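I have placed the structure first, in the form of structure tokens, so that the comments after it can refer back to it.
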Amino acid sequence: MEAVRKDEALAVGHLIAKQRGKPVTTRRSGYSDLKATETPALAPVGKNKGAKVRTLLRAKLGEDIYGSWFNAMEFETFDNGIVKVSVPVKFLRNWIKSHYEKVLLECCQAEFKGATKVDVVMRQVGSTTKRPISEKTDVRVMNPNRMDSLPGAQTGNGTVALEAGIFQRPPRTEVGGFEGSPLDPRYTFANFVVGLSNQFAHAAANKVAASVTGENPNFNPLFIHAAVGHGKTHLLHAIAWEAKRYNPSAKVLYLTAEGFRYRFVEAMRGTEPLAFRNKFRQVDILLIDDLEFMHGDKTEQEFEHIINTLLDGGRQVVVASARPPALIDRLNERMRSRLQRGLVTELGPLDEELRLKILQTRLAEKRDVDSSFNLSREVLELLAAGLTENGRELEGAVTRLFANWQYMRVPITLDIAETVVRDLLQGIEPRRIKIEDILRMVSRHYGVSKSDLLSQRRHRSIVHPRQIGMYLAKQMTTRSLPEIGRRFGNRDHTTVLHAVRKITKELDDNMRLKEEIEELKKTLGH
Ligand code: ADP
Ligand code: MG
């Protein structure tokens, strides 16, 4: 969900710029400029409280800094001299607290008379509390009811802070306080289009979901494999939603292999390493996604142990992977044969008819949000014929066209649709990350000046951020190692390689760094 909304936000600037014949803007501030000038109706204008604070913050800090850190902030309450503001992610909260607490308070005092303190808190997805101070400043881009009505979904207000590209926390499964990986509320059986290539896997997935009503599917585990974009994750999420719908107290846990691994590594660091295993004992259905990413000897051993315990105890296990069990190198023979003992099924490529139906489903979803949006049969056929590789492109195309409609209100012609197909096929992202953006973000995040990052100084407080910057540049841009070296103070490509390897290795066992880098990436717009 997160990715989609982000895509939606970023897609807008791209298409608007394109249609106006401007070069595609790639800077964050470029996007906010567009927003301010092109879509006044959506901007947080009016006499709402906090507006003055925002104006002052903008004036004091500049549009860039304001846009990076304060766009997603909302004013919650003013009580006893304390102004309570909220932000959607922990990283933002920590950042604002450590860098802008003072200036934020000063600006607040201009509007909230007698303010002595600003409290920065996390905004909860499920929070239904009204915002007494602010008018709503966010823009609705998805149907909030869809989330609300789904079992297990947290009731959010479905809003998204478009400008910042930072979104509310998606819903997750949870067993005994142990949280799974995020779930997309749109990935349900109702939205899954069945065709020849996936009907078997679909039927099997349905049976697994029904197991929480006491019906034994008679195959365990269910192993689904397919190339990227063929609907594995969609089916796994659908099982989670459906099982919860059948039986809200069912203990369903969805985890990506990566998520499993991080939780495991974290548990090993804690005081009760065995507690990790025990959490799984209660699970009725365990859904593991992207098994091919299950790395690390200890992690694999633990995974094997947990799977065996669950299967021996008659609990349902579902695994999705890019490859069939026999072709996953890392699995040991025992594990491989255990995973093959249930039902192994493949999701085949999406044929044209299926692609067209998927596009229609996606279109219907958007029309739930805004019924004035429509795509002609010709446009849908053009998309279905052009986007042959996987479902992600189909989703991306509808998302972009919808964003285009919301902002431009011009009918989607075959020309526009063709542009979108071409961009998607060429892998053109709505917004490209530049090394400059990375340097700026790293410099801000670590409180190290850009000139220090580019300098020859070797103090650890500078070397580490510099290496993180190089790592991000390698990960998030298409630049070569020598090019990255040049941009980071004329360094040799071996220095960049060393940095990339070092950070990659550190990420293996440093959860905090991993989290930090994920947040940095998110803030950068990925
Ligand atoms: P995978 O996990 O196999 O890489 P996903 O489940 O993420 O693929 O699917 C990619 C996109 O294609 C998602 O938007 C998904 O909803 C869509 N998709 C794939 N197959 C179907 C289908 N049969 N019906 C509806 N949407 C589908
Ligand atoms: Mg997937």
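The values are calculated or read from the model by the stated rules, or taken from the named source; none is laboratory data. Keep in mind the model is a prediction, meaning the values are calculated, not measured. Please note: Cβ atoms are built from the backbone with ideal geometry, for glycine as well, and neighbour counts cover all protein chains shown. Protein only, heavy atoms only, side chains kept; ligands, DNA and RNA dropped before computing areas. Shrake-Rupley method; radii C 1.70, N 1.55, O 1.52, S 1.80 Å.
Listing for the model above:
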{"item": "Region 365-520, accessible area per residue, ligands and nucleic acids excluded (1.4 Å, Å²)", "result": "48"}
{"item": "Percent of Cα-Cα distances greater than 12 Å, calculated over region 251-293", "result": "61"}
{"item": "HN-Hα J in Hz across region 107-121 - Karplus 6.51, -1.76, 1.60, θ = phi - 60°, x for Gly and Pro", "result": "5, 5, 4, 5, 10, 9, 5, x, 5, 10, 7, 10, 9, 9, 10"}
{"item": "Integer Hz, Karplus 6.51/-1.76/1.60 couplings in order for region 270-281, x for Gly and Pro", "result": "x, 7, 10, x, 6, 4, 4, 3, 5, 4, 7, 4"}
{"item": "Tail weight of P(r) past 22 Å, computed on alpha-carbon pairs of region 258-335, percent", "result": "20"}
{"item": "Region 429-478 and region 184-208: distance between their alpha carbon centers, rounded to Å", "result": "43"}
{"item": "Loop-located trypsin sites (Lys or Arg not before Pro) in region 436-519, at most 11 other Cβ atoms within 10 Å (DSSP)", "result": "ARG458"}
{"item": "Computed accessible area, PHE189, all protein chains, 1.4 angstrom probe, square angstrom", "result": "20"}
{"item": "Region 371-479: relative contact order as a whole-number percent, Cα under 8 Å and 6+ apart", "result": "22"}
{"item": "Entries of LYS60/LYS97; LYS90/LYS251; LYS49/LYS97; LYS450/LYS521 with Cα pairs more than 25 Å apart", "result": "LYS90/LYS251"}
{"item": "Values of log10 I(q)/I(0), in the order q = 0.15, 0.17, 0.20, 0.24 Å⁻¹, for region 418-526 under a Debye, Cα-only, solvent-free model", "result": "-0.63, -0.78, -1.04, -1.41"}
{"item": "Region 170-327: relative contact order as a whole-number percent, Cα under 8 Å and 6+ apart", "result": "29"}
{"item": "³J(HN,Hα), Karplus 6.51/-1.76/1.60, whole Hz, each residue of region 360-366, x for Gly, Pro", "result": "5, 4, 4, 4, 4, 4, 5"}
{"item": "Region 289-391: radius of gyration and largest Cα-Cα distance (Dmax), Å", "result": "19.9, 56"}
{"item": "Sequence of ASP452, ASP329, ASP509 when ordered by accessible area, the most exposed leading, probe 1.4 angstrom", "result": "ASP329, ASP509, ASP452"}
{"item": "Label-reachable residues, region 177-197, where backbone N falls under 11 Å from a point 7 Å from PHE293's Cα toward its Cβ", "result": "182"}
{"item": "Length-normalised contact order for region 296-451 - Cα pairs under 8 Å, 6+ apart - percent", "result": "16"}
{"item": "For region 169-251, radius of gyration divided by Kirkwood radius, i.e. Rg to Rh on alpha-carbons", "result": "0.95"}
